[in-house]
1. Would it be correct to say that residue 50 is modelled with pLDDT of 95 or more, in contact with a Lys or Arg (Cβ under 8 Å, 6 or more places away or on another chain), crowded, with 21+ Cβ neighbours inside 10 Å and aromatic (Phe, Trp, Tyr)?
2. Looking only at segment 34-47, which residues are open to solvent by less than 10 Å² (accessible area, probe 1.4 Å) and not in a loop (DSSP other than H, G, I, E, B)?
3. Among what's in segment 209-232 and is modelled with pLDDT of 90 or more and not in a strand (DSSP E or B), pick the residue that is least open to solvent (accessible area, probe 1.4 Å).
4. Just checking, which of 20, 106, 74 is out of contact with any helix residue (DSSP H, G or I) (no Cβ under 6 Å at 6 or more places or on another chain), on the phi > 0 side of the Ramachandran plot and modelled with pLDDT under 95?
5. For segment 142-207, list the strands (runs of 3 or more DSSP E) that sit wholly inside it and hold at least 2 residues that are in contact with a strand residue (DSSP E or B) (Cβ under 9 Å, 6 or more places away or on another chain) and within 29 Å of residue 21 (Cβ to Cβ); which are they?
6. Tell me whether segment 109-130 contains one or more residues that are of a type in the set (Ser, Thr, Tyr), within 23 Å of residue 41 (Cβ to Cβ), surrounded by 13 or more Cβ atoms within 10 Å (Cβ to Cβ) and in contact with a Gly (Cβ under 7 Å, 6 or more places away or on another chain).
7. Would you please list the contacts, defined by Cβ atoms under 7 Å and residues six or more apart or on different chains, that run from a residue in segment 83-105 that is farther than 29 Å from residue 41 by Cβ to a residue that is polar (S, T, N, Q)?
8. Which of the residues spanning segment 49-98 are of a type in the set (A, V, I, L, M), farther than 21 Å from residue 138 by Cβ and part of a strand (DSSP E or B)?
Amino acid sequence: GRQARPPRGLVQEPLTLLASEEAVMLRRSWPGVGKRGIGVGYPEQVNLVFDAEQMRLAMLWKGRFADPGGVWRSQGHGTVRPLDGPVLTLGDGPDLTNPAVPWEPSESQRRPPGFRFAGYELDDRRRPRLRYVAAGVTVEEFFVPGADQSLRRTVVLGRDMLDGARQFRLLAGKTVEPQENRSFVADTGLRLNVRSVDGLPLEVVETAAGQELRVTLPGGTFGKTLEVEYAW
């Protein structure tokens with residue numbers, strides 16, 4: 001009756017996927033991202049999810065990496081669960097955009113036309129260098145955690161000659177406030193420190209979801225490197 005225990009196997013213990021001496025990756029469905037999410041857990045206990053559908057940095061959190069039970073059980077129709085938190089979510093839509101060709105995601109199309117994920121290469125600590133094509137530009141991204149659990153993000157823009165300005169989103173939130181020493185803070189508590197943007201202009205712009213910090217790439221720009229640091 002009511003005092004009977006649940007049948008054996010009905011309540012399953014969570015699985016744990018952790019990074020030890022090397023980074024660990026999980027390419028499955030992540031909450032708010034979908035099936036093309038690429039999760040990366042670093043030994044420094046800093047974790048991220050890159051959205052290979054919209055070409056964006058989608059999630060950040062500290063602590064243990066992930067519970068993959070939702071995708072390793074029951075025919076894999078669930079989602080991966082971050083083991084710790086809080087989880088910071090970044091802006092929806094692609095990070096690199098062409099202001100002259102605005103695009104909004106829909107239920108039938110979450111990836112802008114012409115955008116393409118081009119894979120990744122692992123370094124000696126199995127940290128991925130991500131490659132993709134967005135807004136007519138080839139891009140490489142590489143993330144390195146610091147000893148203080150900050151996260152350095154390096155974006156290398158290919159030597160594509162741009163036919164007009166492009167913008168790269170670095171930070172998003174309901175509000176994005178400038179601080180001293182070329183840093184910005186979102187209402188989520190995520191802080192961005194500008195390390196190098198090759199002298200390109202930075203601007204906080206209004207969006208339907210709130211505000212975004214963007215760096216503008218003028219027409220004719222090629223071979224630029226953006227380097228910023230996230231802390232939370």
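The values are calculated or read from the model by the stated rules, or taken from the named source; none is laboratory data. In this text the structure is predicted, and so the values were computed from the model without any measurement. We place every Cβ from the backbone using ideal geometry, glycine too, and count neighbours over all the protein chains shown. SASA here: full protein model, heavy atoms, side chains in, ligands and nucleic acids out. Shrake-Rupley method; radii C 1.70, N 1.55, O 1.52, S 1.80 Å.
1. For residue 50, the condition - modelled with pLDDT of 95 or more, in contact with a Lys or Arg (Cβ under 8 Å, 6 or more places away or on another chain), crowded, with 21+ Cβ neighbours inside 10 Å and aromatic (Phe, Trp, Tyr) - is met.
2. Listed by number, the residues that qualify are 37, 38, 39, 40, 41, 46, 47.
3. Once the filter is applied, the top-ranked residue is 210.
4. 74
5. Passing ranges, in order: 151-157, 191-196.
6. No, that holds for no residue.
7. 99/167
8. 49, 59, 60, 66, 88 - these are the residues of segment 49-98 that are of a type in the set (A, V, I, L, M), farther than 21 Å from residue 138 by Cβ and part of a strand (DSSP E or B).
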